[in-house]
Amino acid sequence: MTPRPIHLYLVTDRTRTRGRPLLDVVEAALCGGVDAVQLREKDLSARELFDLACRLRRVCGRYGARLLINDRVDVALAAKADGVHLPVNSLLPADARLLLGTGGLIGASAHSLAEARAAAEGGADFVLCGPVFDTPSKRAYGPPVGLEVLGRVTGALKVPVIAIGGITADSVDAVGRQGARGVAVIGAILEGEDPEAAARAIKSRLRAALP
């Protein structure tokens, strides 16, 4: 079976679930249409991250969604995840490919056109571009890149570009017009009173915005 395209990409942050268990919130989001989950819990030990990855893999599997591990290729391999997401200062995609093999999915972050080109040319399967809009989770990476940079990135790359940073249901149309093939979301789903409904609303807007 050919995996479905990644249009709605959920990035985890268990500190932003309003006290609810992360797995419960993720499962609700998967019910709402999330296509892939990136496990991004930087403060966990390798063992804790592995245990959480194994549990998330089982949940994602029930919904036909893919699981990627942030930065840790070793944990992705050990937990039999679908792939890895590489921050800008992580391994190069080509080096990660040597470890993952041809079947592993590789996503890469980019905060500029130059970084996006390097990631794509290095073998990333898709690129997360942002932060497009202001958001607390991405302020450490500098000011938002804005829609103009997002459009330049999508126009220059052949691999899918997923917009990240301050994305809500209301901003889906704007990033879609710039050529984004999907959106990555943290707070708009994890912090929602009803994560399933929040994911469903974003997915509905994506269906309308993407060709």
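A few notes on this one:
- Across the stretch 12-23, computed HN-Hα scalar couplings (Karplus, 6.51 cos²θ - 1.76 cosθ + 1.60, θ = phi - 60°) run 7, 7, 5, 7, 10, 9, 6, x, 7, x, 4, 4 Hz from first to last residue, x flagging Gly and Pro.
- Alpha carbon convex hull of the stretch 87-211, projected area averaged over orientations, nm²: 7.8
- Computed from phi, the 3J(HN,Hα) profile of the stretch 113-121 under the Karplus parametrisation 6.51, -1.76, 1.60 (θ = phi - 60°) reads 5, 5, 5, 5, 4, 4, 5, 5, 5 Hz, with x in place of Gly and Pro.
- Under the criterion of Cα pairs below 8 Å and six or more residues apart, the relative contact order for the chain equals 21 percent.
- Enclosed volume per residue, in Å³, of the convex hull spanned by Cα atoms of the chain: 112
- Helical contribution to [θ] at 222 nm, DSSP H n ≥ 4, -39,500 (n - 2.57), averaged over the chain, rounded to 500: -12000 deg cm²/dmol
- Evaluating 6.51 cos²θ - 1.76 cosθ + 1.60 at θ = phi - 60° for every residue in the stretch 183-195, the Karplus couplings come out as 9, 10, 10, 10, x, 4, 9, 4, 8, x, 4, 10, x Hz, glycine and proline recorded as x.
- Of Pro195, Pro93, Pro21, the residue with the greatest mean-square motion in the GNM of the chain, using alpha carbon springs below 10 Å, is Pro21.
- Per the Debye formula on identical point scatterers at the alpha carbon atoms of the stretch 1-89, with no solvent, log10 I(q)/I(0) at q = 0.11 Å⁻¹ is -0.27.
- Top of Thr17, Thr102, Thr135 by mean-square fluctuation, Gaussian network on the chain, Cα under 10 Å: Thr102
- Pairs of lysine residues in the chain that meet both criteria, 8 or more places apart or on different chains and Cα atoms under 26 Å apart, total 5.
- Interchain or long-range residues, amide H under 5 Å from Gln38's placed H: Leu10, Val11, Thr12, Leu68
- Of the peptides 53-59, 160-166, the ranking by mean beta-carbon count within 10 Å, highest at the top, reads 160-166, 53-59.
We did not get these values from a lab; they are worked out from the coordinates using the rules stated. Keep in mind that what you see is a predicted model, and the values were worked out from it rather than measured. Positions of Cβ are generated from backbone atoms using ideal geometry, with glycine treated the same way; all protein chains shown enter the neighbour counts.
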